[in-house]
Amino acid sequence: MFKLNEIKELIKLIDQTSVHEFEIENEGTKLAIRKPGKAETVFVQSAPAIPTYTAPAAEPAAAAAAAAAPAAPAAPAAPKENLHQIVSPMVGTFYAASTPDTPPYVAPGSKVTEKSVVCILEAMKLMNELEAEIRGEIVEVLVQNGQLVEYGQPLFTVRPE
């Protein structure tokens, strides 16, 4: 069962991204969140009853910021030049650095080893360091700092050594 504060936190997180629909299941309980414009209902499904919660309309500033946010770049269809892709192992928020004040872990041109930390993925308030798992050179960073990423989404391209 989801706690109310967890649901509120997920609603805030999704409101700050370009994601329009999000579903998660935990211990037989399914939670689906949809932004206004697509659908305005957030519901928790638990057998047999289905309680519902109507999401509050986004504040004008939040709605304008969400509309002005650039769309995520499309993932490359196939790696070029025998490039390796580092993909997200989970749904979460991508952070390029450990704190806002520090430089990113990697940038195009950075050399990495199998154990090099390339980013942090935050999921449910847990910070997870992602290692390159390959030796090579970062060719491209495919996502922006603070962007919500999905499972299997390419994050970096690497030219293997």
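Where the only charges are on Cβ atoms (+1 Lys, Arg; -1 Asp, Glu), what is the dipole of segment 84-160 about its Cα centre, to the nearest 20 debye?
Working: 5 positive and 9 negative charges, 22 e Å.
It comes to approximately 100 debye.
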Under 13 Å by backbone N from the virtual spin label 7 Å along Cα-to-Cβ at MET90, the residues of segment 125-161 are 125-131, 149-152
Ascending count of other beta-carbon atoms within 10 Å, so fewest first, for ASP15, ASP101 = ASP101, ASP15
Work out the charge dipole of segment 84-160 with +1 on the Cβ of Lys and Arg and -1 on the Cβ of Asp and Glu about the Cα centre, then indicate which of VAL117, GLN147, GLY136 is farthest towards its positive end.
-> GLY136
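For HIS84, HIS20, what's the fewest-to-most ordering of other Cβ within 10 Å of each Cβ? Before the final figure, lay out the partial values.
Numbers: HIS84 17, HIS20 14.
By the 10 Å Cβ count, ascending: HIS20, HIS84.
Here, each number is a calculation from the coordinates, and none is a lab measurement. Just so we're clear, the structure is a prediction, and the values are computed from it rather than from any experiment. Using ideal geometry, Cβ is built from the backbone for each residue, glycine included, and neighbour counts are taken over all protein chains shown.
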